[in-house]
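Notes follow once the structure below has been shown.
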Amino acid sequence: MSLQNFLPLRREVRKHWVYQDNDYFKIWVEMLFTARFSEVPKKELYRGSLYTLNHGEFLFSRITWGERLSVKDHKIKKAIKLLNDDGMIEKIGRVGSSGATIFKIINYKKYNNYTENTPATDVLFTKVEGVSRQPQDSDKTATGQPQDSDAPLKKKENKANTDNNDKTKHINVFDHWNKTAPHKHKNLTDPIAEQLNKLTKAQADEVIIAINHYAKANNDNSHYYSHVWTLDKFIKQKNGYKDWLDDGQRWVEYKEVAKVPVKNDNNRFQNFEGELGKKSNEELVSMMKKKSDKRNEENGRN
């Protein structure tokens, strides 16, 4: 059966991550239709530069594809990265100074050898998110994806972060955050993974120290600080983890307030040195609350 004029599409496509986003799916299908079907290489001219397309390869330009598919540039850029990271395409090279790039669809040849006797698992779109093992050559589909089965679907929620866990540095920071910080992350999202990967080993150690300080202050009912961070913003923002290091403004401020012992019968704090010790409990709380409100407003603007 010739596949020159059509693509076989199984219902399992709905289980594939690329189907979950309309733009990603549109871009991926466009790649499949655009890729050279013939096994005979063809030389073409693009904006004054010669290039050769082999079987399963296609010419790609973010600008022209964005206009043709009505997809925003940043979305196309993200789709290319995801498809490349997932082993569905690979970059072959640039075409002169035209700004275009040649990509190859992985296992395109196997996919287009489809016949009526081809096993169902060798047809497009049989990967299911959450497969923790590395696929073997014997169980890859025509697009280089693992075979479909019901078992991974049942474990999808528990294994949703497998790929990020494997590729993310300093995963111990993420684990420590979920054990210690007030706000827990159910999933290791792309923004969190991106920030973790930017950290050096020394910075990762600092973040863990900062998490401990932040959690201690946030969990202290006598302290004014109540802002709840997400891990990616805690790492990324200037007033994030660095403010909670040993010499950070937030941590130093908290330690000063934490020096105040339990109040006595006269509604005063005992043995507190400095001007704060001369204030009543109500005045102190009011002052701290004003500071907290101001800080929270700053956090909201960042």
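Listed here are the residues, each with its yes/no results for (1) under 28 Å from the mean Cα position of the chain (by Cα); (2) at pLDDT 90 or above.
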site: Arg11; (1), (2): yes, no
site: Thr52; (1), (2): no, yes
site: His55; (1), (2): no, no
site: Phe58; (1), (2): yes, yes
site: Leu83; (1), (2): yes, yes
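For every residue, the table says whether it meets (1) at pLDDT below 90; (2) over 19 Å from Ala258 (Cβ atoms); (3) out of contact with any strand residue (DSSP E or B) (no Cβ under 9 Å at 6 or more places or on another chain); (4) not in a helix (DSSP H, G or I).
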position: Val173; (1), (2), (3), (4): no, yes, yes, no
position: His183; (1), (2), (3), (4): yes, yes, yes, yes
position: Leu196; (1), (2), (3), (4): no, yes, yes, no
position: Ile209; (1), (2), (3), (4): no, no, yes, no
position: Asn218; (1), (2), (3), (4): yes, no, yes, no
position: Ile235; (1), (2), (3), (4): no, yes, yes, no
Output the number of the condition that Asp73 fails; it satisfies all remaining conditions of (1) touching a residue at least 12 places away in the same chain (Cβ under 8 Å); (2) touching a helix residue (DSSP H, G or I) at 6+ places or on another chain (Cβ under 7 Å); (3) loosely packed, with under 14 Cβ neighbours inside 10 Å.
(1)
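For Asn239, state whether it is at pLDDT below 90, outside the structural domain of Leu82 (by TED's automatic domain parsing) and more than 23 Å from Asn172 (Cα to Cα).
Numbers: at pLDDT below 90: yes; outside the structural domain of Leu82 (by TED's automatic domain parsing): yes; more than 23 Å from Asn172 (Cα to Cα): no.
Spelling it out, it is not the case that Asn239 is at pLDDT below 90, outside the structural domain of Leu82 (by TED's automatic domain parsing) and more than 23 Å from Asn172 (Cα to Cα).
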Show the residue pairs meeting these rules: Cβ distance below 6 Å; 6+ apart or different chains; first residue within segment 191-205 and touching a residue at least 60 places away in the same chain (Cβ under 8 Å); second residue assigned to a helix (DSSP H, G or I).
none
Answer from Leu59, Leu32, Leu45 - the residue that is closer than 15 Å to Ser98 by Cβ and surrounded by 14 or more Cβ atoms within 10 Å (Cβ to Cβ):
Leu59
Examine segment 250-273 for a residue that is modelled with pLDDT of 80 or more and either outside any helix (DSSP H, G or I) or under 20 Å from Val173 (Cβ atoms) (or both), and state whether such a residue exists.
yes
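The values are calculated or read from the model by the stated rules, or taken from the named source; none is laboratory data. What you see is a predicted model; the values in this text were computed from it and never measured. Because the Cβ atoms are built from the backbone with ideal geometry, glycine has one as well, and the counts that use them run over all protein chains shown.
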